[in-house]
Every structure is written in structure tokens, then in C-alpha cells.
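Input: a single structure, listed below in C-alpha cells.
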Amino acid sequence: VSVSATSLVSATSVRGWDHSVTYMFTSTHLRTVSMTFSAVSPEPEADGSVLFGHLRGTVVGLRYYTGVVNRGEMVGLVRQPQNQHDRNAVMVANIYGNQVGHIKRELAAAMAYVMDNNLAKVEGVVPSGTNNSFTMPVMLSFWGKEEHKATVNEFMARRGFKLNTSGSGGATDLHIVLSFQLRNSFDNLFEGLMESKDGEKEAAKAVGTPLLPHQKQALSWMCARENKSGLPPFWEKRGELYYNSLTCFSAKEIPERVRGGILADDMGLGKTLTTIALILTNFHQGKPLPVEKCVSVAVCYFFQHLIFFTLCLNNYSSCEEASVFLEDLDFAAALGGSATDTGVKKKKTAKKATPTIGEFETTLIIAPLSVLSNWLDQFEQHVHPDVKLNVYLYYGSARNRSKKFLSSQDVVITTYNVLSADFSCKSKSPLHGIDWLRIVLDEGHIIRNPNAQTSKAVLDLKAQRRWILSGTPIQNSVKDLWMLLAFLRLKPFDVREWWNRVIQRPVTLGDRAGVQNLQTLVKCITLRRTKTSEVNGRPLVFLPEKTVCVEQVELSRTEREEYELARNEGRNTIRRYVAEGTVLRNYADVLAILMRLRQHCCHPDLLAKTLSELGAGATPAELRERLIEKLRLVLASGSDEECSVCLDSVQLPVITHCAHVYCRPCIAQVISTEQDTARCPLCRSEIKTSELVEFPQEEVEEENTPNSEKWRTSSKVHCVHCRSDSSIVIVLLFTREHGFTFVRLDGTMSQKKRTRVIQEFQSTAADSPAIMLLSLKAGGVGLNLTAASHVFLMDPAWNPATEEQCIDRCHRLGQKRKVVVTKFIVKDSVEEKMVEIQRGKQDLVEKAFGSTNSDRKTSRIDDIKALMEL
DNA sequence: ACCGCCGGGTGCC
DNA sequence: ACCGCCGGGTGCC
């Protein structure tokens, strides 16, 4: 346990505190949890640990410490190897890190061995709390890797501490604790629901663009989250104390509330505008940001100097200039939103006159490079033209690194990379030396990897208020959330151990209360609307109608014959793999078979190429070529986009010689931990770092135009020809051209080229391309293709969400026309099967929380069987 | 009595 | 700690 350094609370006497709670739960709940343990395969991660057993121990020396604990409270156990009385000492601390006592000597000696050798993690819960001032019992649970279970249990037993492994009987205390939490989480769930988010707030007058109702709601919610001093999730007032119902921790002081949260609205709902409105509307004490009025650049410049002199000389008085001054003041006040908000004068006075120059005045916005210009545009566009807002772009080698300068700005914008680069020389990073009023992380899910340098740099910033903007905050797994909570400083979850213990592990084990707590937690700090959300029966935003129709495609006689041939061949192969139990070992081959069938459905010409490439030939260069080709197929197919190590979507994809795709860092770690004979997690073939093949950086990007004279049509393509009129997006796996001006966007393109292509397509010029060929997985969610009103999905995706995302790129804010989506599905083919699997997948999304690695493997094999009708 | 018993001093690691 | 443990005072029935 790493104990949080910030001991905000020195709790005092709550000894003997009594909760009048009826224990209405039987042992069923606990049994469910324990049974789940045995079903879970051992995982290297801490949150995949298995329970070794429980042990009742004693905490001693309570009277020497101030840390106080309640009945049922979770405690941390921390080794103190430096303790001068006993190098085996194990300290007991509450959630704020305040010491409660020590584990009794003999038990501590046994635990020290186990803990120091990383054989188990030990967690504690105090069933009775502090009843007297000397000792108290503690329920210890030992968690660790399966392979250490026997060692630990034997060792402890030899020392006279027999771990209770039955899950019942002696575990009653723990069970009571669990039930306790379950009940409380129910209560809080209702509280969370009652928290109203539907008030509206008008933006300050300095915001030049009128806000839509849902944006006013968001503004109201954000202001409330910054200003109100309510209790954070899971805290309640009990008498004189504040009590956390999850950890059962209580403290005399009011727990520090997170000032900020996650704005997780769908893209297109105006997160940027709302944030700008927040900056202008909610400065100190809930008042608008004092801004300078500025009629023209020249006046503004003059005006700034005037103020400067006024304040410097203090007794400056010139009738002529004073009158200008007053006029401007009035105007500024009017812009500020109310007569008492004395724009310029107040701000400048505050800044220059008080010793706290530049403290907590500036908002720092961190965004990916690709959206920097968007922020600048939006400030330009939405800030009232007569208002001068000091926005500084902290970017480029010539950036002004003066802390004084930066903290005198209203807004500083920078990128994650710049921040991270500055952080690497931390002492010199001006960004880390400033006390920001507010930090806004745009596309905040970028920091979801806590090991990343960028994440560390972000965590180290100081601020009063913190916001995360993200359309997809937890798309992948519960794990993603931790970093966000840590950034928001949501106590106690900003400490990894507590997060794992209270949320992460229960949720991964499928514990109901855990999932509920997670939901409550998220609900309290998140505002999320989708473009289909409604307020008072009205949709949030107006979007033109969208119709989706499925077009059944009949294959021609020859196409059908070819298809059946390929299918039978493939089916035999896969049937053999299934019988041998080697489906995963031959996964690349299986994928290739499926891919071939799907290509058959789209266009016969796609095949020849792939088939010829699968021919013999084994020089290293050829092997590499083929692996790259397979990697391309895997990435394009969307069938295997998740890395089996991290279970996230693949980042920096590499392909092994056994043709399985992983994130490079993930598989590199597997190889380094397994040392001599590293094996592929999927098929157990031997793998080496030197044999990992990456996608070539810039593939021959320009024009590999195929011979158009050889081009023949296919049934599917023919269907498209019949209905092409205005600008359309054709989403497809395999890109080819015929007869239209078109642009093409796929995953292998550089960022630069993508931008150019999108600009061309979105352009209103007469000669701009009418068609975009878009590969299914290309581009981020930010892609805006509103120039198109027709979407042709040429090839079904495995994941329905992927298709949705594609459609949403053109059915989004700014779309003026009706959107027609046509999905082409070849009758009686693998494509129809895929659609069936898609339907099933949607239910699975909800269950996915609890699903394990092996579940996913099984379901993948099941999918393949279904596709091949086996 | 090289014991038992009583009662005061004392008390984490 | 309304305990246990220690060690001094004490000592038959």
C-alpha cells in the first residue's frame, strides 16, 4: 500500500461510534464472490489476484497514534522495515494515511516475510473499529498469484496462523463488511440519481455565441461542480463527522471535493464552446471573468498602456484620458454581465496590487496537436468580438516560458507533447510551477495509461479545478478510468491501491456492488449526453433524419460458384482446426479464410491478389512482406482489433511470426518477462523481439493505381452504381475506383495526408470530390464528413459500434441534409452471419465488464464456428 | 517457598 | 487493559 502523502485530516475521537445497522444479508453474497475467484485464471496484474484466505489478527498500540477507524473500515497494511524496534513491523493506516497502530509482533513477523517477498498483498478490514484505546481485531485477507497460494498458506500455518480458505464461517466479519457496502451503495445510487443536472445557466455576455439549451445545462452543471461545496460521492454527514460509506472511513473535516469532472458529451454537442463559456462565466466567487473591452486593435493597445500608467502612477489624472477610462469601464462592466463586475479596473487592481500575482487566475488547456487550431478558431469565433481575452498558445520552440507572463494570461493552450517535454526537465517546466485556476484536458482519454510520461506530466500540475473533455472516456475498460480519477484527485481513488481494492477488483470479479459503486462514482462526476439524448421530450440538437436500409445483394451465377468453392474449402480447413483444438494457433489462417470469403462478397478481383500472395516462397523478405500483408488485413478487417495482452484496441501494432497482432509495448513486455522462451499468448509458439514486424511507416503512399482497363464490376459494386448522386461516403474494406472524382482515406495514411483529403472532400468548390472511399477503421472519432449525405457500408463490420461511428461522421452537428445509410449484405453468405453475430454482440457489451481473457477467446472461437456454419 | 497467591505497575512496533 | 505479563511481597491450617 502506498499511503497517500496528503494527510488532510487528523481524525480525533470517534471511538465507540456506533452504527445502527441491521445486517440483513446472508452469506450468499460472499459465497458468490469467493466462487468467482476460483473461476478466474491467474493474471499477472494485481487486480487479477486470487484470494488465498482470511486471517484474524490484532492491531496494537492504538493509543500512540491519532488515526481512528470505524467499524467495518478498510485499512492499509504498510511494511516498516526501518522501524527501530522491529524490522518486521507492519503499520496499520486508514485511508488518509494516518497511522492507526501496528500488527502484533509475531503475526507481523510472518506477514513481513510474505509481503517483502511479494508472495501476497495483504488487505485489512477492522470489523469492530476502535472500541478501546489499546488493541482491536483486524480481518486480513491475503491476495496474490495462484502459484504462491500454497507457499503462503503453508508458511503462515507453520508460524501458527492458519488462513481460512473456506469462504464461509470465519469470514463472517468480512461478509458483514461486504454487505454493509452493498447496502450503502444502494442508498447512494439513489442520491446520485437525485442530483439534478438539468438547471440552465446563461453565459457571461463576453460569450459571443448564444448557447443551445443543453449547453446552458452543461454550463450550469460545470459551474456548480466548480463552486458548490457539496460532498463527494460516497460521503455523508453523520453527526459531527463526515463518513465514507465505501471505505467506512470518517473524518472531522469536510472531505475535499473534486472541483471539476468529466464532460463526456458526444462529439458535436459543443464541448469546446461550453468550456469557453465556463472560462468566461465562472471566475472567482462564481463571477464572470473580468475582461478588457477592445473596439479595435489600436484602441486596445492604447488602452492597455493607459491602464498600466494609471496603476503605476496611482495619482494619474488627466481629464481627457480619464473620461475614456470611465467609458470603457462601463462598457466592460456591461460585457461582464452585471454592474458589479467591474471589468478592467477590478481585474488589474487585483493582479497588480495583491502579492498573489498570477495565482489561480489562468486556465490551462491541454489538447492533442491536431485540435490546437480548433481551439484557437473557437475562441476567435465564440468570444464576443469586443472583448479582449488573453489567450496564449504555448507551443513551438519560441514559446514564452516566463511563469509571470503565462500566469498573467486568461488562457494558456498547449499540447500533451509540449507538456510532457517540459516535464522531462521538471525543475524548468513553467507549466508545473504555476498554480492554475483550472486545467482542461481535451480528449482527456489520452492520459489513460498511467505509465505514460504524458500522464505523469499531467498529474503533476497544480490547479484548483480540473476538467476532462472526452467523447469516449471509458470506451475500453474500467482500467481506463483510474487515471482520470487520479487526475481529478477523487479521493481515495487517486491512490491506486484503494481504487483496485474498492472498485477495480470487485468489478473485474463481476461483483454487483462493485459495478454499482462504479456507476455511482461515474455518474457523480460525469455529464454525458449523446446527440440522441432528449431534454423535456425534445432532442438536444437538431439533426436531419437518418435512415438505414439494408440492401440484399444477390451474387451472380459465377460469383456464387466461386464463393461456394472457397467456402467449402475454408470450412474443411477450419473444421479440422476445431477438431484439433488449434483454432487460435492457426488464427491468422482462419482470418485469411474469412477475409477471402468477405472479399468474394465484395468483388472477385480482390481475391486474385491475396491468393497469389499466399503462395509458397520463404525468403525472409518475402515472409516479411506476407506478414505485413496479413497485418494489413487484420487491421482492416476490424476482426482482431484488440490486443490479447491488454485487451485494448491495438496501439502501435506489430505482428508475430505466428501472425498474431499485439501492441508493441504489450508483447515486448511479455517477451521480457518470460525471458528465455517467450511464447505467443495466443498460440504458444515461440516468439522473439527481433521477429516482430511493424507496419512500414509511410507505405508507397502515392498512386498505386491499378489497371482500370482490367476492371470488371461485381454485383455489389453494381448496386452502388445505381444509386450514386450527391456527395457520398463509401465505407469499405477494399478500395477501388471507377468513374467518379473521389478521395480515399484509410488507416495507412499519414496525419498530414488525411487532413488534406478531408479538406478536399469537405470543400464546397465545384470540382471537389463527390465520393470518399473511407476504410472502416480510418481516422479518429473527430472526423467530420458532413459534406456527405449518403453512406454506403460495403462490408459489415464485426463491431456494430464501428459502423455507428462511421455513420456518425456524417450524421453529426452541421449536417444539413437527410442522411441515407445503405448497408450492402450479400444474401446467403458469411456477411449475413456476421450481421447475426453483431446482434448478439450488442448484449455482450453490457456483460463485458466481467468478462475475462479466456471468455473472449472462447467467444472468438464460437464466432468463427458460427460464421462457417460449423 | 527452587512453589502459588495476591495486588501494584505496567503496556506496540 | 473489566486483559495478560512481570516481578516483588508474602506465606499453613
Farther than 30 Å from A:Lys145 by Cβ, open to solvent by less than 30 Å² (accessible area, probe 1.4 Å) and not in a loop (DSSP other than H, G, I, E, B): does that describe A:Arg466?
-> yes
Could you count how many residues in segment A:493-551 are among the β-branched types (Val, Ile, Thr) and farther than 30 Å from A:Val75 by Cα?
-> 7
Count - residues of segment A:817-839 that are at pLDDT below 85 and of a type in the set (D, E, K, R) | 2
Among residues belonging to segment A:261-282 that are at pLDDT below 95 and part of a loop (DSSP other than H, G, I, E, B), point out the one that is nearest to A:Pro233 (Cα to Cα).
-> A:Ala264
Looking at A:Glu226, A:Glu123, A:Glu147, which is the one that is under 30 Å from A:Val291 (Cα atoms) and modelled with pLDDT of 90 or more?
-> A:Glu226
Which numbered condition A:Glu106 misses (of (1) under 22 Å from A:Val50 (Cβ atoms); (2) of a type in the set (D, E, K, R); (3) within 16 Å of DNA strand C (Cβ to nearest atom)) = (1)
With (1) away from DNA strand B (no atom under 14 Å from the Cβ); (2) open to solvent by 10 Å² or more (accessible area, probe 1.4 Å); (3) part of a strand (DSSP E or B) as the list, and A:Val78 as the residue in question, which single condition is left unmet?
-> (1)
Pair list, Cβ under 7 Å, 6 or more apart: segment A:52-76 residue touching a residue at least 60 places away in the same chain (Cβ under 8 Å) and within 16 Å of DNA strand C (Cβ to nearest atom), other residue among the charged types (D, E, K, R) and assigned to a loop (DSSP other than H, G, I, E, B) | A:Gly57/A:Lys104; A:Thr58/A:Lys104; A:Val60/A:Lys104
Considering each residue of segment A:243-257, count those that are among the hydroxyl-bearing types (Ser, Thr, Tyr) and either assigned to a strand (DSSP E or B) or open to solvent by 10 Å² or more (accessible area, probe 1.4 Å) (or both), and give that number.
-> 2
Report those strands (runs of 3 or more DSSP E) wholly inside segment A:339-416 carrying at least 2 residues which are modelled with pLDDT of 95 or more and open to solvent by less than 40 Å² (accessible area, probe 1.4 Å).
-> A:363-367, A:411-415
Among the residues of segment A:140-154, which ones are buried (at least 18 other Cβ atoms within 10 Å of the Cβ) and either in the same structural domain as A:Trp499 (by TED's automatic domain parsing) or away from DNA strand B (no atom under 16 Å from the Cβ) (or both)?
-> A:Ser141, A:Phe142, A:Trp143, A:Gly144, A:Lys145, A:His148, A:Lys149, A:Val152, A:Asn153
Identify, from the list A:His29, A:His54, the residue that is under 24 Å from A:Val507 (Cβ atoms), modelled with pLDDT of 90 or more and away from DNA strand B (no atom under 16 Å from the Cβ).
-> A:His54
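Quick grid of which residues meet (1) surrounded by fewer than 17 Cβ atoms within 10 Å (Cβ to Cβ); (2) charged (D, E, K, R); (3) within 15 Å of DNA strand C (Cβ to nearest atom):
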{"position": "A:Asn83", "(1), (2), (3)": "yes, no, no"}
{"position": "A:Arg87", "(1), (2), (3)": "yes, yes, no"}
{"position": "A:Ala93", "(1), (2), (3)": "no, no, no"}
{"position": "A:Tyr113", "(1), (2), (3)": "yes, no, no"}
{"position": "A:Val125", "(1), (2), (3)": "no, no, no"}
Considering segment A:542-599, residues that are among the β-branched types (Val, Ile, Thr), farther than 23 Å from A:Arg679 by Cα and not in a helix (DSSP H, G or I), and then whichever is most open to solvent (accessible area, probe 1.4 Å), we arrive at A:Val550
Single residue of segment A:128-139 satisfying the filter (away from DNA strand B (no atom under 15 Å from the Cβ) and buried (at least 19 other Cβ atoms within 10 Å of the Cβ)) that is modelled with the highest pLDDT = A:Met139
What is the number of the single condition among (1) modelled with pLDDT of 75 or more; (2) of a type in the set (A, V, I, L, M, F, W, C); (3) under 30 Å from A:Thr582 (Cα atoms); (4) within 29 Å of the chain's Cα centre (by Cα) that A:Ala801 does not meet?
-> (1)
Quick one: would you say A:Ala513 is open to solvent by less than 40 Å² (accessible area, probe 1.4 Å) and either more than 30 Å from A:Leu870 (Cβ to Cβ) or not assigned by TED's automatic domain parsing to the domain that holds A:Asp266 (or both)?
-> yes
Of A:Leu459, A:Leu481, which residue is modelled with pLDDT of 90 or more and either of a type in the set (A, V, I, L, M, F, W, C) or in contact with a Leu (Cβ under 7 Å, 6 or more places away or on another chain) (or both)?
-> A:Leu459
Could you please let me know if A:Val720 is at pLDDT below 75, farther than 24 Å from A:Asn449 by Cα and not assigned by TED's automatic domain parsing to the domain that holds A:Thr741?
-> no
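The values are calculated or read from the model by the stated rules, or taken from the named source; none is laboratory data. All figures in this text were calculated on a predicted structure; none of them were measured in a lab. Don't worry about glycine lacking a Cβ; one is built from the backbone with ideal geometry, like all the others, and counts go over all protein chains shown. Ligands, DNA and RNA are excluded from the accessible area calculation, which covers all protein heavy atoms including side chains. Shrake-Rupley method; radii C 1.70, N 1.55, O 1.52, S 1.80 Å.
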